[in-house]
Amino acid sequence: MSYKLSPFTGNLTADPALNYTVNGDPVVNVTVAHNPRRKDETTGEWVDARDPVFYPVTVWGNAALNIAETLRSGDPVVVIDARPSVDTYTKDGQTRTRIVHTAKSILPDLQLKAWPSREKTELP
């Protein structure tokens, strides 16, 4: 099965949880609340299109370290190249399905929040 890898936006529901595999590889897990919006044709104002959707997202490697260091609960973010995977498991005799998105990166959404600037460094 192939999936279209498209970015999506939302807000972090909690601080990123950084963990390490037994091999020492960093991995961060977050949940992103995506709230689709639409423009109301009668009032011209933006309104919620439906209830928010909560996406569990996993990121590996250096991106995981940077996400854990930089992002916090409530931050607006853009999730890049999220590939959904299905985890099926049995708990209390029932089969459950949970879709987890494995993403290339999670970036701050600069359209919604200004981030602190850093000192400019000159490139070699």
Which numbered condition LEU110 misses (of (1) modelled with pLDDT under 70; (2) closer than 24 Å to ASN35 by Cα): (1)
Filtering strands (runs of 3 or more DSSP E) wholly in region 1-79 for at least 3 residues that are in contact with a helix residue (DSSP H, G or I) (Cβ under 6 Å, 6 or more places away or on another chain) gives 26-34
Looking only at residues in region 10-27 that are over 10 Å from the mean Cα position of the chain (by Cα) and β-branched (Val, Ile, Thr), which one is nearest to VAL53 (Cα to Cα)? VAL27
So for region 64-85 (the condition being at pLDDT 70 or above, surrounded by fewer than 16 Cβ atoms within 10 Å (Cβ to Cβ), under 18 Å from SER6 (Cβ atoms) and not charged (D, E, K, R)), does at least one residue qualify? yes
Checking LEU123 against (1) modelled with pLDDT under 70; (2) touching a helix residue (DSSP H, G or I) at 6+ places or on another chain (Cβ under 9 Å), which test does it fail? (2)
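The values are calculated or read from the model by the stated rules, or taken from the named source; none is laboratory data. Computed from a prediction, not measured in an experiment: that's the story for all the values here. Neighbour counts run over all protein chains shown; Cβ positions are idealised from the backbone, glycine included.
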